[in-house]
1. Scan the range 177-208 for residues that are part of a strand (DSSP E or B) and either away from the ligand (no atom under 15 Å from the Cβ) or not assigned by TED's automatic domain parsing to the domain that holds residue 59 (or both) and jot them down.
2. With the structure loaded, tell me whether residue 16 is surrounded by fewer than 16 Cβ atoms within 10 Å (Cβ to Cβ), more than 25 Å from the chain's Cα centre (by Cα) and assigned to a helix (DSSP H, G or I) or whether it fails that test.
3. Looking at the range 85-140 only, could you name the residues that are assigned to a helix (DSSP H, G or I) and either more than 13 Å from residue 318 (Cβ to Cβ) or more than 16 Å from the ligand (Cβ to nearest atom) (or both)?
4. I'd like to know if the range 209-219 contains one or more residues that are surrounded by fewer than 24 Cβ atoms within 10 Å (Cβ to Cβ), at pLDDT below 95 and not assigned by TED's automatic domain parsing to the domain that holds residue 276.
5. Please tell me if residue 370 is farther than 30 Å from residue 122 by Cα, over 26 Å from the mean Cα position of the chain (by Cα) and surrounded by 15 or more Cβ atoms within 10 Å (Cβ to Cβ).
6. Quick one: which of 349, 355, 328 is at pLDDT 95 or above and farther than 18 Å from residue 134 by Cβ?
7. Any residue in the range 55-71 that is out of contact with any strand residue (DSSP E or B) (no Cβ under 8 Å at 6 or more places or on another chain), within 18 Å of residue 188 (Cα to Cα) and at pLDDT 95 or above?
8. Any chance you could count how many residues in the range 21-58 are farther than 18 Å from residue 197 by Cα and part of a helix (DSSP H, G or I)?
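The values are calculated or read from the model by the stated rules, or taken from the named source; none is laboratory data. This one's a predicted model, so the numbers in the text were calculated from it and none came from an experiment. Positions of Cβ are generated from backbone atoms using ideal geometry, with glycine treated the same way; all protein chains shown enter the neighbour counts.
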Ligand SMILES: *Cc1c(COP(=O)(O)O)cnc(C)c1O
């Protein structure tokens, strides 16, 4: 059986380094509930992400869900968002009793198209929830000024964007709040984990309560919170992985650039290189097929036959999920660009230790489908 190549593979710190990091826990027996590792990691992240307040969570999804909950929008309020994303983004809206209104995406970097927001606006609109998809930054200026004009909150799903910089700034610095995911499959991870970032101290305080059952003080429970706390083992993994992040991103860049050398400029294929003003984290290598010279599904099957497993991120659109397609605000051909991209995009294997020989083999298979 030939070796399988997955779409991604989790980065791991050296085993001894992690053991050293958790050793102290056998002395303190303090395993969760904002212990020493949690506090050390939180401070490190506030520095790295350039954000005044970072609220660590059990995972990225609950961080996002709690950000919307903490904003206390009336039930049935509408949130302008993208359907070209992972399930979590849309679920976070709906699980808060809010209504997702799907807007189209840009052709060039697949993020929410600010030009589509105006016509989706209603008297019930309260917020915009864009996604820095693949780590590509949204048009934060246009989205920000639209939101200010209409008195809306902006919450960024920055799950893909950890380690990236836009105009020299951390993605945490855009919008009223931003969520990063530290899931094992992301560029940087804490096994499971995530963080809600904000400069708004009141929002951060509310988030800190919400992730811990709404407990505000020893005898004071002020909100209907769940349990979304990050534990000490997760925080220790984060502390270790943060030390190696730059090296991991540099290795990803080498892989990314090899894909670019082989696939850029080939008629029928469109990669998505970092734009100017963007220091990429090289999280993903999305490749768009034109469907004429080559089809996405053809390439995916040819690769799968060789034990190579790219992913059709993001297909289907969340607005086409069984649980959403009957919403009045879903589907109906309202997002033609997103629909076309979802049909034709393939995310190729990309992780720090992916051998360049494997990258070449992947490119050979794709290119042989085009000749
Ligand atoms: C991974 C991801 C999430 C959710 O993060 P978890 O940490 O897995 O809960 C949310 N949005 C997007 C776009 C993601 O890729």
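1. Of the residues in the range 177-208, the ones part of a strand (DSSP E or B) are 177-181, 194-198.
The answer is 198, and nothing else.
2. Working: surrounded by fewer than 16 Cβ atoms within 10 Å (Cβ to Cβ): yes; more than 25 Å from the chain's Cα centre (by Cα): yes; assigned to a helix (DSSP H, G or I): yes.
Here the answer is yes, as residue 16 does meet what is asked.
3. Let us first name the residues in the range 85-140 that are assigned to a helix (DSSP H, G or I), namely 87-94, 114-116, 118-120, 133-135, 140.
Answer for the range 85-140, where residues must be assigned to a helix (DSSP H, G or I) and either more than 13 Å from residue 318 (Cβ to Cβ) or more than 16 Å from the ligand (Cβ to nearest atom) (or both): 114, 115, 116, 118, 119, 120, 134, 135, 140.
4. Yes: the range 209-219 contains one or more residues that are surrounded by fewer than 24 Cβ atoms within 10 Å (Cβ to Cβ), at pLDDT below 95 and not assigned by TED's automatic domain parsing to the domain that holds residue 276.
5. Numbers: farther than 30 Å from residue 122 by Cα: yes; over 26 Å from the mean Cα position of the chain (by Cα): yes; surrounded by 15 or more Cβ atoms within 10 Å (Cβ to Cβ): yes.
In short, yes.
6. Numbers: 349 fails: farther than 18 Å from residue 134 by Cβ; 328 fails: at pLDDT 95 or above.
Of the residues listed, the single one that is at pLDDT 95 or above and farther than 18 Å from residue 134 by Cβ is 355.
7. Taking the range 55-71 as the starting set, the residues that turn out to be out of contact with any strand residue (DSSP E or B) (no Cβ under 8 Å at 6 or more places or on another chain) are 65, 69-70.
Adding the requirement that they be within 18 Å of residue 188 (Cα to Cα) leaves none.
Checked against the condition, which is being out of contact with any strand residue (DSSP E or B) (no Cβ under 8 Å at 6 or more places or on another chain), within 18 Å of residue 188 (Cα to Cα) and at pLDDT 95 or above, the range 55-71 yields no hits at all.
8. Residues of the range 21-58 that are farther than 18 Å from residue 197 by Cα, as a first pass: 21-33, 35-37.
With part of a helix (DSSP H, G or I) added as a condition, the list becomes 21-23, 25-28, 36-37.
Going through the range 21-58 one residue at a time, the tally reaches 9.
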